[in-house]
Structures are given as C-alpha cells and as structure tokens.
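Notes to accompany the following structure.
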Amino acid sequence: MKTNDLVASAVANTFRSKTRTILTILSIFIGAFTLAITSGLGTGINAYIDDTLSGVGASDAMTVTKAADQTGAPLSGTSGPAEYNPEAVSSGIPGFTVIALTPEDISDIEAVDGVVRVEPQRAIGPDFVQFDDGTRLVAAVGSLVPGQTALLADGVEPSDDSLDLQVALPQSYVEPLGFESNADAIGQTLVIGITDATRTQHRIEASIVGVTEAALASPTGGSVLVNAPLSDALFEAQTTGIPANEADRYSSASVWFDPDATDEDIDALKTRLADAGFAGTTIADQLGMITTVIDGIVLVLNAFAIIALLAAAFGIVNTLYMSVQERTREIGLMKAMGMGSGKIFGLCSLEAAFIGFLGSVIGVGIAMIAGTALSGILSETLLADLPGLTLIA
C-alpha cells in the first residue's frame, strides 16, 4: 500500500464509528481551545504592558528618592500611621509622602559612580483648573521626562522647547470643563489656579495643545500634562513667599545611566545609591510584579489546558484500541495479503494523528474567532477605559 493510499485509508477509517470519533475530537477541541485562549490572554496583556512602557519612562532611567530609613520615618500610606517628619513632602500620590531631596542631595546623587545625569522632580499642587467662567475642577499636574510619551486622543504633547505655556488635558476632563469634544478643546485657554505661601491665589493661563487617553501605566497618572515653561511658572507662583532654602525641596529625581548597562550594572548602581542613602526604582521594578503575576496566572491556566489535552490523548488511545479490537479480522486479512505490521501500525497512528489534528485545528480556529470577538466587545464596554488593549491576542 502506497503512502497516499495509507493516508486516504486512515482518514476513511477515522469516521467508521462517527459518535466515538466526534466525542474524542471534542475532548481534544476543549483542550486546544482552552490552551489557545489562555496563551492569547497572556500575549495580549503582556503586549499591552510592553506598548505602555514608553509612557512610564526611559529604559535608561530610574526614579530616585531619599531612603526612608535615613531619618527613621517611613513613607506615609504604608500600613499603620506614619510618624510626622518635617522633611517629608508630597509624592504626587494622594495620601503618600516622601522625604524631601535637597540641592545637596542632588549633588550627592550626581557624584555616584554610574550616574550620567540627574533631573529633580518638583511637587506642584494647583488649586483648580477652569475653562472660561465654567466649573472649577480639582486636578493634579505632571510633566514628562525625556523618554516618556503620553497616549494621545487628539492633538500633540506639550513641548518643552516652546516658550508658550502648554497643557494636555486628560480625556476625562474634556466634557466637565465645558468642551463638546476633544478637538473642540484644542487651541483653547485653560486657567490654572495655584496658591502661594502668603495665601495669594495666582491664575496662570496656558494653551491646550492635546488630550491624553487613560493608560495602564500613565506617566502622569491622569494628571494635566504641562510643559517645562508652565511647570516653572507654576512652581514660581507656588513658592512665592517661601525662603529659597525651603523652596528647593524635591519629591524625587530622575537619574539617567548608560543605555548599554546590563542588569548587573543597574543592580550595582542601585547598591551604590543605597550606600549613599537613596533608593532607585527602574521601569522593570515598577512593572515587573505585574507581568510576573500575569505570567503566573496564564501558566496555571495553561497547565489545566495541558491536563485536558493529556486526558484527550488517552481518549484517542481508547478510541483506537476499540477500533483495533473491532477490526481484528480486517487486520488479519491485510496481513494475509502481504501488508507488514509496520504499515498496519502506521495506519492506526495516522488515524490517531488525524483525530488530534482535527480537534486541534477546530479548537484553535474557534478560539481565535471567539477571542477576537470577545476582545472587540470588551474593548467597547468593560475595557473602554484602556484604549489599545487587545485582551486576547
């Protein structure tokens, strides 16, 4: 019997007992479907995290703060009440404070071996934002450091190279401020109110150049995005009436290192910073736990899918065993006609492979269709606040 005849005979024999074969294919289908869906889930989420990395910061930079144990005062926001520390400043996250960095601290960080550049981050707390004479809304402000990008719904990012005062609004602020659409907000003037140390409120006007979308790892956490000239103007207004030595207090600093640094080099830099009394956090540190948890969940789900496939494999063996038992006379006739044991074994193996192939192809194919449809529905409903996320890829 030629190879083509062997394959054709195996395919024909597969459906001799249609009910038994269909049930076996169905068991393979369930395992393949589950494995494809869980793998797609992990791929989709991790791809989304990778796409948002540029929004978190540069890969050759880390955020540095004063180590909490230098003064014996932990970060507020940790478990239990935190001891008051006059050196603490707002971290930019409501309810959390960090120990302030001073110009001397910035100099100490610059002196650490492996540090290429340091840029202190100032904490700015405006009172409100307002368009025209509309509702005043509470808002935080933030700015991008080199290497960061914002996910834009319309317009452009505020440019640090421009002398104009520019902002990009979070999409959630567009309608509450009185704009009809994202495009309607572009080019309008936003008023930012901020109070100084003498309780005098300043009103600073800036041009709206963009509208940002929400993202899993937004660099400004949904804050109003400002360019460097506007940040300087807000900081100057906020610190009016404060002694210079009190004004120069920073919540953190962005530290750049060699772009070609290895993981060992980065760990060594963290150690040197720790020895100098500072704590460094990279993008990998910030998002590493998220990806680890996601990968762990997907691994467990895949394990269940593999168990289902193993159970289905035993189903194939049982199906073929029953088939062989029912075809004893036929097999004897094939041997009598000169067909060797190897070809008979090959015929049975091809039947097993065909059953597994059918179940796998159908399972993966339907999983791709179902996953694509489910992702599309969720992206417009439950996951509408996470644009760009394909849940199952």
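The values are calculated or read from the model by the stated rules, or taken from the named source; none is laboratory data. Just so you know, these numbers come straight off a predicted model, no measurement behind them. In this analysis, Cβ positions are derived from the backbone assuming ideal geometry, glycine residues included, and neighbour counts consider all displayed protein chains. The accessibility values were calculated without ligands, DNA or RNA, using every heavy atom of the protein model including side chains. Shrake-Rupley method; radii C 1.70, N 1.55, O 1.52, S 1.80 Å.
Residues that are free of Cβ contacts under 8 Å to residues at least 12 places away in the same chain and in a loop (DSSP other than H, G, I, E, B) within the stretch 227-273 comprise Pro243, Asp260, Thr262, listed in sequence order.
Taking the stated definitions as given, is Ala139 modelled with pLDDT of 80 or more, in contact with an Asp or Glu (Cβ under 8 Å, 6 or more places away or on another chain) and either over 24 Å from Thr271 (Cβ atoms) or β-branched (Val, Ile, Thr) (or both)? Taking the combined requirement at face value, the residue does not satisfy it.
For the stretch 274-286, filtered to residues that are farther than 28 Å from Ile49 by Cα and touching a residue at least 60 places away in the same chain (Cβ under 8 Å), the residue that is surrounded by the fewest Cβ atoms within 10 Å (Cβ to Cβ) is Ala274. Taken over the stretch 116-136, residues that are open to solvent by less than 60 Å² (accessible area, probe 1.4 Å) and under 17 Å from Ser207 (Cα atoms) amount to 6. The residue that is farthest from Gly388 (Cα to Cα), among those in the stretch 149-171 that are of a type outside the set (A, V, I, L, M) and outside any loop (DSSP other than H, G, I, E, B), is Gln166. Within the stretch 138-148, the set of residues being in contact with a helix residue (DSSP H, G or I) (Cβ under 8 Å, 6 or more places away or on another chain) and either assigned to a loop (DSSP other than H, G, I, E, B) or exposed (fewer than 14 other Cβ atoms within 10 Å of the Cβ) (or both) comprises Ala139, Ser143, Gly147, Gln148. Inside the stretch 352-380, residues that are open to solvent by 40 Å² or more (accessible area, probe 1.4 Å) and at pLDDT below 85 make up a count of 2. For the stretch 193-200, the criterion of being under 31 Å from the mean Cα position of the chain (by Cα), in a strand (DSSP E or B) and modelled with pLDDT of 90 or more is met by no residue. When Asp108, Asp113 are checked against the criterion of being acidic (Asp, Glu), surrounded by 15 or more Cβ atoms within 10 Å (Cβ to Cβ) and modelled with pLDDT of 90 or more, Asp108 stands alone in meeting it. Here are some residues: Ala244, Ala268. Which one is open to solvent by 30 Å² or more (accessible area, probe 1.4 Å), of a type in the set (A, V, I, L, M) and at pLDDT below 85? Answer to the selection: Ala244.
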